[in-house]
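Working notes, beginning with the structure itself.
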Amino acid sequence: RLLRRLRSLIGEPAQAVILPFVTTQLEARLAIELGVPIYGADPRLEAIGSKTGSREVFASAGVPHPRGAAGVHTVSDVVEVVAQLRSGPNPPDGVVVKHDVGVSGGGNAMVDLRDAESGDRADLAARVQCLRPEDPDLDVEAYLEQLDREGGVVEERIVGEHFCSPSVQLRASPEGGIEVLTTHDQVLGGESGQTYYGCRFPAAPAYAPVIADHAVAIAGELSRQGVVGRFGV
């Protein structure tokens with residue numbers, strides 16, 4: 001009955017489009033049932049939007065991104081990445097562990113590395129097992145269980161007295177065209193300042209053109225992989 005009602009409201013399918021916030025298999029099934037196209041990414045490309053997929057896209061597009069590694073699951077995986085970062089130049093005093101599927105900073109957790117010895121794997125493992133999840137409803141055990149189940153990334157934490165977390169919104173057409181829609185600066189808070197509270201529009205003019213150029217490079221890579229619709233970087 002719902003499908004019949006939707007068809008009656010749509011009228012001519014050739015002049016309609018489904019514009020979802022996120023395209024899942026459910027939206028794809030609805031589009032097929034109605035015979036109406038979706039202006040959004042194919043659900044089969046969902047992995048590109050994960051934290052692991054995003055790092056791969058940044059690298060392919062030649063866009064600067066934090067040092068780290070993707071595809072981590074276990075405490076040992078995290079320790080290995082931390083040890084490599086600590087043994088290299090400019091060792092970070094902290095890293096951020098991120099669940100592959102997480103929004104608004106809720107899948108992030110901080111690991112304090114101040115005074116850590118890169119060669120002491122036992123010390124590094126103890127620090128990882130004392131990580132601080134950004135989500136107050138997640139304890140360490142639950143956080144690590146989700147990381148093991150879904151995977152994630154480890155990245156150096158970018159710190160400073162004054163820094164911003166900007167974003168660029170774009171869209172890619174089915175013909176491969178790229179359009180920058182907006183830029184903004186994210187307003188962050190929470191346990192370690194990584195929870196998304198809102199944004200200030202537009203991004204600061206001092207760097208808005210720079211981040212837009214990087215975002216266009218990323219959008220081009222996404223378009224080459226078949227992504228259609230709106231997305232944020």
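Listing for the model above:
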quantity: Whichever residue in segment 64-86 is small (Gly, Ala, Ser) and at negative phi and, among such residues, is least open to solvent (accessible area, probe 1.4 Å); calculated: Ala83
quantity: Boolean, Ile178 is open to solvent by 80 Å² or more (accessible area, probe 1.4 Å) and either over 20 Å from the mean Cα position of the chain (by Cα) or not aromatic (Phe, Trp, Tyr) (or both); calculated: no
quantity: Members of segment 78-115 that are touching a strand residue (DSSP E or B) at 6+ places or on another chain (Cβ under 7 Å), among the hydrophobic types (A, V, I, L, M, F, W, C) and farther than 12 Å from Gln194 by Cβ; calculated: Val78, Val81, Val82, Leu85, Val95, Val111, Leu113
quantity: Condition broken by Gly40, with the remaining ones in (1) farther than 30 Å from Glu191 by Cβ; (2) part of a helix (DSSP H, G or I); (3) of a type in the set (Gly, Ala, Ser); (4) open to solvent by less than 50 Å² (accessible area, probe 1.4 Å) satisfied; calculated: (2)
quantity: Flag for Val227 being assigned to a loop (DSSP other than H, G, I, E, B), buried (at least 19 other Cβ atoms within 10 Å of the Cβ), in contact (Cβ under 8 Å) with a residue 40 or more places away in the chain and out of contact with any Pro (no Cβ under 7 Å at 6 or more places or on another chain); calculated: yes
quantity: Counted residues, segment 87-118 - those being assigned to a loop (DSSP other than H, G, I, E, B) and either open to solvent by 70 Å² or more (accessible area, probe 1.4 Å) or among the hydrophobic types (A, V, I, L, M, F, W, C) (or both); calculated: 10
quantity: Flag if Asp135 is open to solvent by 40 Å² or more (accessible area, probe 1.4 Å), under 24 Å from the mean Cα position of the chain (by Cα), touching a residue at least 12 places away in the same chain (Cβ under 8 Å) and under 27 Å from Gly232 (Cα atoms); calculated: yes
quantity: Any hit, segment 9-22, residues being farther than 27 Å from Gln169 by Cβ, open to solvent by 50 Å² or more (accessible area, probe 1.4 Å), in contact with a Leu (Cβ under 7 Å, 6 or more places away or on another chain) and of a type in the set (D, E, K, R); calculated: no
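The values are calculated or read from the model by the stated rules, or taken from the named source; none is laboratory data. The shown structure was predicted, so the numbers you read here are calculated from the model rather than taken from an experiment. Every residue, glycine among them, receives a Cβ derived from its backbone with ideal geometry; neighbour counts consider all protein chains shown. SASA here: full protein model, heavy atoms, side chains in, ligands and nucleic acids out. Shrake-Rupley method; radii C 1.70, N 1.55, O 1.52, S 1.80 Å.
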